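Below: one structure, written as structure tokens.
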Amino acid sequence: MRERFWERFPLEELSGEEWEALCDGCGQCCLLKFQDADTGDLAVLNVACELLDTHSCRCSDYEHRFEKVPDCTRLTPALIDEFRWLPHSCAYRRVAEGRKLARWHPLLSGDPERVHRKGVSVRSFAVSSREVDPAHYEDHIIAVIPIDD
Ligand code: SF4
Ligand code: SF4
């Protein structure tokens, strides 16, 4: 990977390895979300996708994720304009918006556990969708985010 590539190159020019390394491993994008059809608001649940390992906050089958979870979103530079649904802390969103990476990011800290210690990841509160009855999803809403403002 090129030295401090995230500061020197736009997202479209990153290699596959650099692109993957940009993910901070927070797991926030793997929480279930529901969009209000009228307002566009996004309800975020503390319930994670069935493939998320809620301890490591990484996908347990990243290679086959689209076969197993068809609505998993593949982040690509072409989707930059849609990155507003990602958390403010997300490294892809930060770079897309011209912001710096946080000091806890593994690329800067060299410590992939720091995202968890800082409380940025979902480790401390996420439950797997395998353990939650969809009829109770409404009880698991932890935030409502206005997307279209
Ligand atoms: S929100 Fe962004 S940084 Fe966090 S896991 Fe998802 S893609 Fe990676
Ligand atoms: S399939 Fe994997 S990457 Fe996609 S939302 Fe689920 S846990 Fe996240």
Residue order, fewest to most beta carbons within 10 Å, for THR54, THR76
THR76, THR54
Largest to smallest principal axis extent of the C-alpha atoms in the range 65-149, angstrom
40, 31, 31
Could you give each residue of the range 125-140 its phi-based ³J(HN,Hα) in whole Hz, using Karplus coefficients 6.51, -1.76, 1.60 with θ = phi - 60°, and x for Gly or Pro?
9, 6, 10, 6, 5, 5, 9, 10, 6, x, 5, 9, 4, 4, 6, 9
Simple label model, 7 Å out from Cα along Cβ direction - CYS72 to SER109, nm:
2.5
Give, as ranges by residue number, the residues of the range 79-104 whose backbone N falls under 12 Å from the point 7 Å along Cα→Cβ of ALA143.
85-90
Based on alpha-carbon atoms only, what is the radius of gyration of the range 24-102 relative to the globular estimate 2.2 N^0.38 Å?
1.14
List CYS72, CYS26 from most exposed to least, where exposure is judged by having the fewest other Cβ atoms within 10 Å.
CYS72, CYS26
Less than 22 Å apart at the alpha-carbon level, and either on another chain or at least 8 residues along: which lysines does that give for LYS118?
LYS100
Which listed residue (CYS72, PRO10, HIS140) has the Cα farthest towards the positive end of the charge dipole for the range 5-145, taking +1 on Lys and Arg C-beta and -1 on Asp and Glu C-beta about the Cα centre?
PRO10
Using θ = phi - 60° and the Karplus form 6.51 cos²θ - 1.76 cosθ + 1.60, what ³J(HN,Hα) does each residue of the range 64-72 get, whole Hz, x for Gly and Pro?
10, 4, 6, 6, 8, 10, x, 8, 5
Spelling it out for ILE145: with amide H atoms placed in the peptide plane at 1.01 Å from N, the residues 5 or more places away or on another chain with amide H under 5 Å from its amide H are LEU42, ALA43, VAL44
In bins 5 Å wide, starting from 0, what share of all Cα pairs of the chain does each bin hold, as a percent?
2, 9, 17, 21, 22, 17, 9, 3, 1, 0
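Bear in mind that the values in this text are calculations on the coordinates, not laboratory data. Fair warning: this is a prediction, and the values are worked out from it, not measured in the lab. Backbone-built Cβ (ideal geometry, glycine too); neighbour counts: all protein chains shown.
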